[in-house]
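Take a look at the structure below.
The values are calculated or read from the model by the stated rules, or taken from the named source; none is laboratory data. Only a predicted model underlies this, so the values are computations on that prediction, with no experimental measurement involved. Here the Cβ positions follow ideal geometry from the backbone for every residue, glycine too, while neighbour counts run over all protein chains shown.
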Amino acid sequence: MSTKTIRVQADLLATNKQVAAEIRRELRSRGILCVNLLSSPGSGKTTLLEALADRLKDRIRMAVIEGDIETERDAERIRRKGVPAWQITTGGACHLEARMIGKVLGDVPAAIDFLFIENVGNLVCPASYDLGEDLRFVLLSSPEGDDKPAKYPQAFLSADCLILTKTDLIPYLPFDPARAAAEALSIKPGLRVFMVSALCGDGMDALVEYLVEALERLRSGRA
Ligand SMILES: Nc1nc2c(ncn2[C@@H]2O[C@H](COP(=O)(O)OP(=O)(O)OP(=O)(O)O)[C@@H](O)[C@H]2O)c(=O)[nH]1
Ligand SMILES: [Mg+2]
(Lines give C-alpha, C1' and ligand atoms only; values in the text may rest on other atoms or scores of the structure.)
(Ligands and ions follow the chains in the order given, each with its own letter.)
Protein backbone atom coordinates (compact mmCIF):
# COMPACT_ATOMS: atom_id res chain seq x y z
CA MET A 1 0.00 0.00 0.00
CA SER A 2 1.43 3.44 -0.93
CA THR A 3 1.99 6.18 1.66
CA LYS A 4 -0.69 8.27 -0.09
CA THR A 5 -3.27 5.46 0.16
CA ILE A 6 -2.45 4.97 3.83
CA ARG A 7 -2.88 8.74 4.45
CA VAL A 8 -6.27 8.87 2.65
CA GLN A 9 -7.44 5.83 4.66
CA ALA A 10 -6.29 7.42 7.93
CA ASP A 11 -8.11 10.70 7.07
CA LEU A 12 -11.26 8.78 6.22
CA LEU A 13 -11.23 6.93 9.54
CA ALA A 14 -10.49 10.14 11.47
CA THR A 15 -13.46 11.91 9.81
CA ASN A 16 -15.64 8.87 10.48
CA LYS A 17 -14.62 8.95 14.15
CA GLN A 18 -15.65 12.62 14.46
CA VAL A 19 -19.08 11.99 12.93
CA ALA A 20 -19.50 8.91 15.14
CA ALA A 21 -18.69 10.96 18.25
CA GLU A 22 -21.43 13.48 17.29
CA ILE A 23 -23.94 10.63 16.78
CA ARG A 24 -23.02 9.11 20.14
CA ARG A 25 -23.48 12.47 21.90
CA GLU A 26 -26.84 13.02 20.18
CA LEU A 27 -28.19 9.54 21.00
CA ARG A 28 -26.98 9.68 24.60
CA SER A 29 -28.63 13.08 25.06
CA ARG A 30 -31.88 11.42 23.96
CA GLY A 31 -31.28 8.51 26.39
CA ILE A 32 -31.05 5.98 23.55
CA LEU A 33 -28.67 3.01 23.77
CA CYS A 34 -27.16 2.17 20.39
CA VAL A 35 -25.89 -1.32 19.51
CA ASN A 36 -23.91 -2.15 16.36
CA LEU A 37 -24.18 -5.79 15.18
CA LEU A 38 -21.28 -7.24 13.19
CA SER A 39 -20.87 -10.67 11.64
CA SER A 40 -20.38 -12.68 8.49
CA PRO A 41 -23.36 -12.88 6.12
CA GLY A 42 -26.00 -15.25 7.45
CA SER A 43 -24.76 -15.53 11.06
CA GLY A 44 -28.20 -14.59 12.31
CA LYS A 45 -28.17 -10.80 12.89
CA THR A 46 -31.67 -10.13 11.55
CA THR A 47 -33.09 -13.25 13.21
CA LEU A 48 -31.64 -12.10 16.54
CA LEU A 49 -33.24 -8.66 16.07
CA GLU A 50 -36.57 -10.30 15.24
CA ALA A 51 -36.32 -12.39 18.42
CA LEU A 52 -35.43 -9.28 20.46
CA ALA A 53 -38.43 -7.45 18.95
CA ASP A 54 -40.69 -10.31 20.09
CA ARG A 55 -39.26 -10.25 23.61
CA LEU A 56 -39.02 -6.49 24.12
CA LYS A 57 -42.41 -5.51 22.72
CA ASP A 58 -44.88 -3.92 25.16
CA ARG A 59 -41.91 -3.33 27.46
CA ILE A 60 -39.18 -1.53 25.58
CA ARG A 61 -39.19 0.54 22.39
CA MET A 62 -36.64 -0.24 19.73
CA ALA A 63 -35.76 0.86 16.21
CA VAL A 64 -33.40 -0.66 13.67
CA ILE A 65 -31.11 0.68 10.96
CA GLU A 66 -30.32 -2.06 8.46
CA GLY A 67 -27.19 -2.10 6.31
CA ASP A 68 -26.93 -4.20 3.18
CA ILE A 69 -25.28 -3.98 -0.20
CA GLU A 70 -28.63 -4.42 -1.97
CA THR A 71 -32.34 -4.93 -1.18
CA GLU A 72 -34.74 -3.76 1.51
CA ARG A 73 -35.35 -7.31 2.72
CA ASP A 74 -33.96 -7.06 6.26
CA ALA A 75 -35.79 -3.78 7.00
CA GLU A 76 -39.02 -5.39 5.74
CA ARG A 77 -38.49 -8.34 8.12
CA ILE A 78 -38.05 -5.97 11.06
CA ARG A 79 -41.08 -3.83 10.09
CA ARG A 80 -43.20 -6.97 10.04
CA LYS A 81 -42.46 -7.18 13.77
CA GLY A 82 -44.00 -3.72 14.23
CA VAL A 83 -40.60 -2.11 14.76
CA PRO A 84 -39.55 1.03 12.83
CA ALA A 85 -36.68 0.21 10.47
CA TRP A 86 -34.64 2.07 7.86
CA GLN A 87 -32.65 0.32 5.15
CA ILE A 88 -29.32 1.70 4.02
CA THR A 89 -28.15 0.09 0.79
CA THR A 90 -24.47 0.74 0.18
CA GLY A 91 -24.53 -0.27 -3.50
CA GLY A 92 -21.32 -2.26 -3.12
CA ALA A 93 -19.52 -0.95 -0.04
CA CYS A 94 -18.89 -3.74 2.45
CA HIS A 95 -19.53 -1.72 5.63
CA LEU A 96 -21.59 1.12 7.05
CA GLU A 97 -20.00 4.48 7.85
CA ALA A 98 -21.05 7.01 10.48
CA ARG A 99 -22.16 9.59 7.87
CA MET A 100 -24.71 7.04 6.54
CA ILE A 101 -26.16 6.68 10.05
CA GLY A 102 -26.14 10.47 10.44
CA LYS A 103 -28.43 10.83 7.41
CA VAL A 104 -31.08 8.57 8.97
CA LEU A 105 -30.79 9.84 12.54
CA GLY A 106 -33.27 12.70 12.09
CA ASP A 107 -36.02 10.16 11.24
CA VAL A 108 -35.42 8.04 14.35
CA PRO A 109 -38.17 8.80 16.88
CA ALA A 110 -36.97 10.45 20.10
CA ALA A 111 -39.14 8.14 22.21
CA ILE A 112 -37.22 4.89 21.84
CA ASP A 113 -34.93 3.00 24.19
CA PHE A 114 -32.68 1.02 21.83
CA LEU A 115 -31.34 1.77 18.37
CA PHE A 116 -29.87 -1.36 16.78
CA ILE A 117 -27.69 -1.08 13.70
CA GLU A 118 -27.26 -4.23 11.63
CA ASN A 119 -24.02 -3.80 9.71
CA VAL A 120 -23.39 -5.22 6.26
CA GLY A 121 -22.60 -8.96 6.55
CA ASN A 122 -18.79 -8.96 6.69
CA LEU A 123 -16.42 -9.87 9.51
CA VAL A 124 -13.58 -7.62 8.30
CA CYS A 125 -14.33 -4.05 7.12
CA PRO A 126 -17.13 -3.04 9.55
CA ALA A 127 -14.75 -3.52 12.47
CA SER A 128 -12.81 -0.35 11.52
CA TYR A 129 -15.83 1.97 11.46
CA ASP A 130 -17.25 3.45 14.63
CA LEU A 131 -20.94 4.22 14.01
CA GLY A 132 -21.52 6.08 17.28
CA GLU A 133 -22.70 2.96 19.08
CA ASP A 134 -22.43 2.37 22.83
CA LEU A 135 -22.09 -1.38 22.42
CA ARG A 136 -20.73 -3.53 19.66
CA PHE A 137 -21.88 -7.13 19.32
CA VAL A 138 -19.95 -9.58 17.18
CA LEU A 139 -21.96 -12.67 16.21
CA LEU A 140 -20.39 -16.02 15.39
CA SER A 141 -22.72 -18.84 14.35
CA SER A 142 -21.97 -22.48 15.02
CA PRO A 143 -21.85 -23.51 11.32
CA GLU A 144 -19.05 -20.97 10.69
CA GLY A 145 -16.57 -22.88 12.88
CA ASP A 146 -14.95 -22.24 16.24
CA ASP A 147 -11.62 -21.19 14.67
CA LYS A 148 -12.79 -17.80 13.41
CA PRO A 149 -11.80 -15.38 16.22
CA ALA A 150 -8.05 -15.73 15.56
CA LYS A 151 -8.60 -15.46 11.79
CA TYR A 152 -10.60 -12.23 12.02
CA PRO A 153 -9.20 -10.69 15.22
CA GLN A 154 -10.17 -7.04 14.65
CA ALA A 155 -13.90 -7.78 14.80
CA PHE A 156 -13.49 -9.55 18.15
CA LEU A 157 -11.00 -7.00 19.51
CA SER A 158 -13.38 -4.13 18.77
CA ALA A 159 -16.47 -5.83 20.26
CA ASP A 160 -18.00 -5.57 23.73
CA CYS A 161 -19.95 -8.82 23.45
CA LEU A 162 -19.56 -12.08 21.58
CA ILE A 163 -22.87 -13.70 20.70
CA LEU A 164 -22.48 -17.35 19.74
CA THR A 165 -25.57 -17.96 17.61
CA LYS A 166 -27.47 -20.99 16.28
CA THR A 167 -26.62 -22.97 19.41
CA ASP A 168 -29.47 -25.36 18.52
CA LEU A 169 -27.22 -26.69 15.71
CA ILE A 170 -24.21 -27.44 17.95
CA PRO A 171 -25.15 -31.13 18.48
CA TYR A 172 -24.81 -31.68 14.73
CA LEU A 173 -21.58 -29.78 14.14
CA PRO A 174 -17.91 -30.01 15.10
CA PHE A 175 -18.22 -26.64 16.88
CA ASP A 176 -16.78 -26.21 20.36
CA PRO A 177 -18.31 -23.07 21.94
CA ALA A 178 -15.75 -23.13 24.77
CA ARG A 179 -12.92 -23.05 22.22
CA ALA A 180 -14.51 -20.17 20.27
CA ALA A 181 -15.10 -18.20 23.48
CA ALA A 182 -11.58 -18.85 24.84
CA GLU A 183 -9.99 -17.77 21.57
CA ALA A 184 -12.09 -14.59 21.45
CA LEU A 185 -11.25 -13.86 25.10
CA SER A 186 -7.53 -14.26 24.40
CA ILE A 187 -7.94 -11.49 21.81
CA LYS A 188 -10.22 -9.32 23.93
CA PRO A 189 -10.10 -10.07 27.66
CA GLY A 190 -13.32 -9.03 29.35
CA LEU A 191 -15.50 -9.70 26.31
CA ARG A 192 -19.01 -10.68 27.48
CA VAL A 193 -20.03 -13.99 25.94
CA PHE A 194 -23.63 -15.05 25.28
CA MET A 195 -24.86 -18.28 23.72
CA VAL A 196 -28.12 -17.85 21.87
CA SER A 197 -30.53 -19.67 19.64
CA ALA A 198 -32.76 -16.94 18.27
CA LEU A 199 -34.96 -19.56 16.62
CA CYS A 200 -35.51 -21.67 19.75
CA GLY A 201 -35.20 -18.87 22.32
CA ASP A 202 -32.34 -20.39 24.32
CA GLY A 203 -30.14 -17.75 25.93
CA MET A 204 -32.37 -14.83 24.93
CA ASP A 205 -33.37 -13.93 28.51
CA ALA A 206 -29.76 -13.37 29.58
CA LEU A 207 -29.13 -11.15 26.56
CA VAL A 208 -32.27 -9.08 27.18
CA GLU A 209 -31.31 -8.67 30.85
CA TYR A 210 -27.83 -7.47 29.84
CA LEU A 211 -29.30 -4.93 27.41
CA VAL A 212 -31.78 -3.58 29.94
CA GLU A 213 -29.02 -3.17 32.54
CA ALA A 214 -26.82 -1.39 29.96
CA LEU A 215 -29.72 1.00 29.22
CA GLU A 216 -30.18 1.73 32.93
CA ARG A 217 -26.44 2.42 33.27
CA LEU A 218 -26.54 4.78 30.28
CA ARG A 219 -29.51 6.70 31.66
CA SER A 220 -28.02 7.00 35.12
CA GLY A 221 -24.79 8.33 33.58
CA ARG A 222 -22.80 5.23 34.53
CA ALA A 223 -22.18 4.04 30.95
N1 LIG B 1 -30.93 -23.17 13.28
C2 LIG B 1 -30.89 -21.84 13.41
N3 LIG B 1 -30.92 -21.09 12.31
C4 LIG B 1 -30.87 -19.76 12.47
C5 LIG B 1 -30.78 -19.13 13.74
N6 LIG B 1 -30.71 -17.79 13.57
C7 LIG B 1 -30.77 -17.60 12.24
N8 LIG B 1 -30.87 -18.75 11.57
C9 LIG B 1 -31.00 -18.95 10.12
O10 LIG B 1 -29.82 -18.47 9.49
C11 LIG B 1 -30.16 -17.88 8.23
C12 LIG B 1 -29.58 -16.48 8.14
O13 LIG B 1 -30.15 -15.68 9.16
P14 LIG B 1 -30.21 -14.10 9.08
O15 LIG B 1 -30.79 -13.62 10.37
O16 LIG B 1 -30.87 -13.66 7.82
O17 LIG B 1 -28.66 -13.74 9.01
P18 LIG B 1 -27.99 -12.30 8.84
O19 LIG B 1 -26.75 -12.32 9.68
O20 LIG B 1 -28.97 -11.24 9.16
O21 LIG B 1 -27.61 -12.29 7.31
P22 LIG B 1 -27.15 -11.04 6.40
O23 LIG B 1 -28.06 -9.89 6.71
O24 LIG B 1 -27.31 -11.52 5.01
O25 LIG B 1 -25.72 -10.77 6.75
C26 LIG B 1 -31.68 -17.90 8.13
O27 LIG B 1 -32.06 -19.00 7.33
C28 LIG B 1 -32.12 -18.08 9.56
O29 LIG B 1 -33.37 -18.73 9.69
C30 LIG B 1 -30.78 -19.97 14.90
O31 LIG B 1 -30.72 -19.53 16.06
N32 LIG B 1 -30.82 -21.32 14.66
MG1 LIG C 1 -29.55 -9.62 8.01
- Query: Where residues in region 89-99 are aliphatic (A, V, I, L, M) and buried (at least 20 other Cβ atoms within 10 Å of the Cβ), which of them is nearest to ligand 2 (Cβ to nearest atom)?
  - Reply: Leu96
- Message: Please verify whether Ile78 is crowded, with 21+ Cβ neighbours inside 10 Å, of a type in the set (Val, Ile, Thr) and more than 12 Å from ligand 1 (Cβ to nearest atom), treating the condition exactly as stated.
- Response: no
- Message: Given (1) buried (at least 20 other Cβ atoms within 10 Å of the Cβ); (2) at pLDDT below 95, identify the lone condition not met by Ala51.
- Response: (2)
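Check Val83, Val64 and return the single one that is surrounded by 20 or more Cβ atoms within 10 Å (Cβ to Cβ), hydrophobic (A, V, I, L, M, F, W, C), at pLDDT 95 or above and part of a strand (DSSP E or B). Let's see the steps before the verdict.
Values: Val83 fails: part of a strand (DSSP E or B).
After applying the criteria, what remains is Val64.
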- Task: Could you please give the count of residues in region 188-213 that are over 14 Å from Leu140 (Cα atoms), among the hydrophobic types (A, V, I, L, M, F, W, C) and surrounded by fewer than 18 Cβ atoms within 10 Å (Cβ to Cβ)?
- Result: 5
- Exactly one of (1) among the small types (Gly, Ala, Ser); (2) without any contact (Cβ under 8 Å) to a residue 40 or more places away in the chain; (3) surrounded by fewer than 19 Cβ atoms within 10 Å (Cβ to Cβ) is unmet by Ala110. Its number? (2)
- Matching residues in region 5-49 - criterion: being more than 18 Å from Tyr129 (Cβ to Cβ), among the β-branched types (Val, Ile, Thr) and within 16 Å of ligand 2 (Cβ to nearest atom): Thr46, Thr47
- Return a yes/no flag: does region 24-38 have any residue that is crowded, with 18+ Cβ neighbours inside 10 Å, within 11 Å of ligand 1 (Cβ to nearest atom), outside any helix (DSSP H, G or I) and in contact (Cβ under 8 Å) with a residue 60 or more places away in the chain. yes
- Which residues, taken from region 50-73, are within 12 Å of ligand 2 (Cβ to nearest atom), in contact (Cβ under 8 Å) with a residue 40 or more places away in the chain and more than 14 Å from the chain's Cα centre (by Cα)? Ile69
- For region 188-204, state whether one or more residues are in a helix (DSSP H, G or I) and farther than 17 Å from Thr46 by Cα. no
- Identify all residues within region 86-107 that are assigned to a loop (DSSP other than H, G, I, E, B) and touching a residue at least 24 places away in the same chain (Cβ under 8 Å); write none if there are none. Thr90, Ala93, Cys94, His95, Leu96, Glu97
- Task: Considering each of Leu162, Leu140, Leu185, Leu115 in turn, give the residue that is more than 16 Å from ligand 1 (Cβ to nearest atom), surrounded by 15 or more Cβ atoms within 10 Å (Cβ to Cβ) and in a strand (DSSP E or B).
- Result: Leu115
